[in-house]
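What follows is one structure encoded as structure tokens, with my remarks underneath.
Please treat every number below as a calculation from the coordinates, not as lab data. Note that this is a predicted model, so its numbers are computed, not measured. Cβ placement follows ideal geometry from the backbone for every residue including glycine, while neighbour counts extend to all protein chains displayed.
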Amino acid sequence: MLFKLTAFSLPFFVIVLAELLLPLFHYGHHTDLFIEYPQNPDYFVLNPHASKRYFTDIHFAPSGNKELFRKKKGANTLRFFVLGESTTIGYPYFHNGSFHRWLLYRLMHTYPDKDFEMINLSLTAVNSYAVKGFAEGLARYEPDAVLIYTGHNEYYGGLGVASAQTIGANPAVVNAVAWMRRFRIVQLLMNGYQSLKKKPEETQLTRMELMAGNQHIYYQSALFRKGLRQFEYNMNAALRILQKKHIPIFFSNVVSNLKDLPPFVSDEQDSSNAMYHYRKGQSFYREGNYPAAAGSFVKAKDADLLRFRAPEELNQLIEDLCSRYPTVYYVDSKKALEEYAPHRIPGDELFTDHVHPNLKGFALLADAFYRKLSESPLLPPARHEIRPEEWERTMPVSPIDSIAGEFRIRQLKAHWPFDDSLYMKPLPEYSIEEKLAAQLFRKEADWLTVHNTLYAAYVRLNQLDKAARIAEATVLEYAEDPVFYEQTAMLYGELGKRDLAAFYLKRAFRLSPSFDKAHYLTVLCLMADQPEESLPYLEYALAHPDGKLDLAPLKPLAEHAVSLKKQLMEDSAQVGLLYDMAVTYRRMNNREGVTKYVSCILQIDPRHRDALALKTTYLTE
């Protein structure tokens, strides 16, 4: 009996022992969703090894973004996690070209008194398996909402039914294997098996071609339907997990290039093949029959045997899934892009390739999420709504990111499945922006290094408006670092844009309060005739003096200004109160405040002796 028990237990003992010993030899990796940020233990960051559970060959596994969030969530903070694939992470621009950064910028400026954490966990070459796996680990990190845009990679993403990285078509089994890959003994076994499978010649193929295992998936075939079942199984599980934790989910349908992308692979044996429908759509479009053209283009996309674009059935699944759960909001991004596209048929005016939007497309994608967020109870009514045209004009997508995106698209379209000879010539590298973008594209320098170089060049050339835009871009990239907020505020102060200077300095102060910031904010608020907003900063400065500047005399003047403004709210034409405000601001040496109230007095009484005297003796000095 003892011998049998020992024989039975021995394999388990060996497995447990190996699992304990492998970390001592630094083999394998933790696959937890987040790790403590090495440079600052107060923050979490996405684990660069988290995606390795979703690839049979870990060399294909991407590491994702490095967007930090605090271990201890602030009381004034709204925390959003973003899940998806290459479109969702912002390919080909990444960084501030991504829709989540467009959304973050709009939220920041619409709700200046709120703090937002927008953590994008999306990865290239993944699909619903990774989305489900990541969703399982989110609840304990206090998300206020989860934003999802996924679907195009369902067939060829890691572990997909037609991927070269597949391990089967049964989602329950595949998910079980992905779960087991957190154990190092399993990593050892699977990595060993994968090393035996490798074919040397495959290294010459593109990533897209290496991931696309079955390149002929017929519409409504068994494999086609398996892909849809896989998506429904995983996304239903992801939504159910988040729903149980009462976490709001904003789940978008997906959209692709219809008008300007011929099918990748068409079955020439079928007279009603993908290319037939595409040419029919072109013909309808030329004739001006746009509804018929749209229908034919959709049929061409769905009949394309190489399934890098999600079929319409997948979008219907997304809508159906959203209807099953009360805390899931359906985001109709497809409609948003169609409404902008000529004749409601998206093409190259919104896309860089088959599924990845250009900057206008990403802006529309962000707008679709913003509108749905605004309709939910999550956000209060906006007091400082930024106009869409102003948002698009001021969004700090740097020229480096824009040009690097063009480099990536050229590289993509010069190879399979595009093989477009128009993109085989390299882009020029003449300007400093082009040279730095090329360095970033070729990974010769990191993002911050090239942007610091461009920032310094703009400052040296006294192009402070361009330098300020680069500073704003670094704020979005390093949202946890007060240095970049302060740098941006100082530049906008020099440019005379005091509202933007105050906006960024307030955020710097919230992250890292100091006497200098409090003093500067006090001055900016008073210059903007906002004495009530100046008081918290003034009180902080008085409680944390620097020993050089005495701000104590300023406090009773600021409090008096607050009192006068309250009285003026009841009767803004009281000349006596207006003059008292002007004198109070004169005692503060606040020229902007004096100018405002003297102008108000002289509009009511052009001969007001004291106002004219103040204008002569103070404002013309």
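The stretch between residue 599 and residue 419, if pulled fully straight at 0.36 nm per residue, gains 58.1 nm over its current Cα-Cα span. Backbone amide hydrogens, once placed in the peptide plane, bring residue 127 within less than 5 Å of 158, excluding anything fewer than 5 places away on its chain. Measuring r between the beta carbons of residue 483 and residue 313 and using R0 = 35 Å, the FRET efficiency lands at 0.10.
So I have (1) 29; (2) 22; (3) 19, and one of them is percent of Cα pairs over 46 Å apart calculated from this model. Which one is it? Step by step, percent of Cα pairs over 46 Å apart for this structure corresponds to label (1).
What the phi angles of segment 488-502 give under the Karplus curve with 6.51, -1.76 and 1.60, with θ = phi - 60°, is a coupling list of 5, 4, 5, 5, 5, x, 4, 7, x, 9, 5, 5, 6, 4, 5 Hz, glycine and proline written as x.
Against the main long axis of the alpha-carbon atoms of the chain, helix 432-441 sits at an angle near 40°.
Take the Cα of residue 532, step 7 Å toward its Cβ, do the same at residue 382, and the gap between the two points is 2.3 nm. Here the peptides 75-86, 237-248, 166-177, 147-158 are ranked by packing, the mean other Cβ count within 10 Å, and the order with the highest first is 147-158, 75-86, 237-248, 166-177. Among 144, 401, 446, sorting on how many other beta-carbon atoms sit within 10 Å of each Cβ, with the fewest leading, yields 446, 144, 401. Once the Cα-Cα distance is subtracted from the 0.36 nm per residue extended length, the residue 610 to residue 431 segment shows a gain of 58.7 nm.
Quick one: net charge of residue 120's neighbours, Cβ under 12 Å, K/R +1, D/E -1?
Values: positive: 66, 101; negative: 67, 85, 117, 477.
Cβ neighbours under 12 Å give a net charge of -2.
Compute the angle between helix 531-543 and the longest alpha-carbon principal axis of the chain, please, reported from 0 to 90 degrees and rounded to the nearest 10. Tilt relative to the chain: about 90 degrees. Per-residue packing, averaged as other Cβ atoms within 10 Å, sorts the ranges 294-300, 334-340 into the order 294-300, 334-340, beginning with the highest.
For segment 496-621, what does the relative contact order come out to in percent, with C-alpha contacts under 8 Å and a separation of six or more? RCO, segment 496-621: 17 percent. For segment 337-443, what does the relative contact order come out to in percent, with C-alpha contacts under 8 Å and a separation of six or more? About 17 percent, as a whole number. Distances between placed amide hydrogens fall under 5 Å for residue 34 paired with 47, all partners being 5 or more residues away or on another chain. Report the residues of segment 330-344 in range of a label on residue 260: point 7 Å along Cα→C-beta, backbone N strictly under 15 Å from it. What the label zone holds, given the 15 Å backbone N cut-off, is 338, 340-344. Multiplying the residue separation of residue 221 and residue 374 by 0.36 nm and removing their Cα-Cα distance gives an extension gain of 51.0 nm.
What net charge do the residues around residue 229 carry, taking every other residue with its C-beta under 15 Å from that of residue 229, with Lys and Arg at +1 and Asp and Glu at -1? In short, 0.
Between residue 173 and residue 544, the modelled labels are 6.0 nm apart [label points 7 Å from Cα along Cα→Cβ].
Contact order for the chain, expressed relative to its length and based on alpha carbon pairs under 8 Å spaced 6+ residues apart, stands at 11 percent. The count of lysine pairs in segment 50-196 whose Cα atoms are under 17 Å apart, excluding pairs fewer than 8 places apart on the same chain, comes to 4.
Over the residues of the chain, the helix contribution to mean residue ellipticity at 222 nm works out to -16500 deg cm²/dmol, using -39500 (n - 2.57) for each DSSP H run of at least 4. In this structure, residue 229 and residue 389 have a Cβ-Cβ separation that, at R0 = 41 Å, corresponds to a calculated FRET efficiency of about 0.40. Helix 99-110 and the longest principal axis of the C-alpha atoms of the chain enclose an angle of approximately 20°. FRET efficiency for the residue 494 to residue 272 pair, using the beta carbon distance and R₀ = 51 Å, is estimated at 0.20.
In this label model, residue 283 and residue 449 are separated by 5.6 nm, measuring between points 7 Å along each Cα→Cβ vector. Considering only C-alpha atoms, what is the centroid distance from segment 114-179 to segment 311-344, in Å? One Cα centre to the other: 19 Å.
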